[in-house]
1. Of the conditions (1) at pLDDT below 90; (2) closer than 30 Å to Ile186 by Cβ, Lys296 satisfies every one except a single condition; which number is it?
2. Just to be sure, is Lys74 under 21 Å from Lys169 (Cβ atoms), at pLDDT 90 or above and basic (Lys, Arg)?
3. Checking His278 against (1) in a helix (DSSP H, G or I); (2) surrounded by fewer than 16 Cβ atoms within 10 Å (Cβ to Cβ); (3) touching a residue at least 12 places away in the same chain (Cβ under 8 Å): exactly one of these is not met. Which one?
4. Would you check which residues across region 239-258 are closer than 19 Å to Glu227 by Cβ, aliphatic (A, V, I, L, M) and surrounded by fewer than 17 Cβ atoms within 10 Å (Cβ to Cβ) and list them?
5. From the list Gly52, Gly96, Gly48, which one is buried (at least 17 other Cβ atoms within 10 Å of the Cβ), closer than 24 Å to Asn151 by Cβ and of a type outside the set (Val, Ile, Thr)?
6. I'd like to know if region 174-185 contains one or more residues that are crowded, with 24+ Cβ neighbours inside 10 Å, in a loop (DSSP other than H, G, I, E, B), modelled with pLDDT under 85 and at negative phi.
Amino acid sequence: MVSKSSPHKSALKEKEGISQPESIGKNSVAQIIQFRKQQPSAQELIDGILKGDKISLSRAITLVESTQPKHLEKANEIIQACLPYSNNSVRIGITGVPGVGKSTFIEAFGRFLTAFGKKVAVLAVDPSSTISHGSILGDKTRMEELVKDENAYIRPSASGETLGGVARKTRETIILCEACGFDTIIIETVGVGQSETAVHSMVDFFLLLKISGAGDELQGIKRGIMEMADAIVINKADGDNIKKARMAKTEFNRALHLFPPKSSGWQPKVTTCSAITHDGIAEIWEMISEYLILTKDNGYFSERRKDQNQHWLLETINEQLKNHFFEHPEIKNLLEENKKAVHDNEISPFAAASILLEKYFR
């Protein structure tokens, strides 16, 4: 047992007789720190993005995700410059409950697309803890083959406090990825609630991943998500599970025929696949290609893109008003007072909100 008078010794120390190698010497460390402090200008990042540089793209996305006002201003400049070079990809939303195999499927699907020259960007939203506010951001680890592909780019982002884990930052990241030359954008949702609605409002094709034996087949699962889906894919259709997957496909097909026709003119389809054996992956891309041909020919594709732009105009206004409200100096102080008053039952939440809003708009 160490006495109280004994000096504390850190567990992290160099062993006597072993000196630091030159590669991590003091000068090298100082140079690395100095390099990281250097922030490229907005124009440098724009030039890099338009040349297809992934490092410039990553740095620009970091600015988009930042909440600092100076970063927001720089991000807006980059997005505005990249806007003319965007809108030239197919955007695919992929959702499904945790454990359905979204990451494994996306890797198999992404590798299939890059094999014949497609450039694929995967925007994966990782759920944040409501307690510690941390995120694992493990999508690059789960997609270990795709992450090494020169024609692929994977960007995991924390959902933060945004409902469903997607917001303005995801919508703007799509623009940057398109300007960087990626012609296929895949957005993976958190898959735990309202994220599906948000993703559906920014993609061209919405794919719902399911597994057989989950007890959803006869119920047709949640009506809302079924109505949004352009395709239902029964994943993990391999080994002993093939028969169950085929039965699930039949049940989902029956459920889909109960819904009214889509305004796109597309009849949602159900198929099976295995992200492990890659069976059915090619057929999924053929199905998406059929959808794109149909909706571009009947004008639905371009009209939907325009409607989405209007939607995100309103969403951006809502978000910026909310941020401005909570960052207002006078509101910050008054908010704490009213929160305490509400906590102590001295005032109702609605009356407190009226006081704060009246002060803000005065």
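1. Tallying (1) at pLDDT below 90; (2) closer than 30 Å to Ile186 by Cβ, Lys296 fails exactly one: (1).
2. Details: under 21 Å from Lys169 (Cβ atoms): yes; at pLDDT 90 or above: yes; basic (Lys, Arg): yes.
The answer is yes for Lys74.
3. Just one mismatch for His278, condition (1).
4. Listed by number, the list holds a single entry, Leu258.
5. Working: Gly52 fails: buried (at least 17 other Cβ atoms within 10 Å of the Cβ); Gly96 fails: closer than 24 Å to Asn151 by Cβ.
Of Gly52, Gly96, Gly48, the one residue that is buried (at least 17 other Cβ atoms within 10 Å of the Cβ), closer than 24 Å to Asn151 by Cβ and of a type outside the set (Val, Ile, Thr) is Gly48.
6. No, there is no match, as no residue in region 174-185 is crowded, with 24+ Cβ neighbours inside 10 Å, in a loop (DSSP other than H, G, I, E, B), modelled with pLDDT under 85 and at negative phi.
The values are calculated or read from the model by the stated rules, or taken from the named source; none is laboratory data. Every value quoted in this text rests on a predicted model; they were computed, and no experiment measured them. Counting neighbours? That spans all protein chains shown, and the Cβs are built from the backbone with ideal geometry, glycine included.
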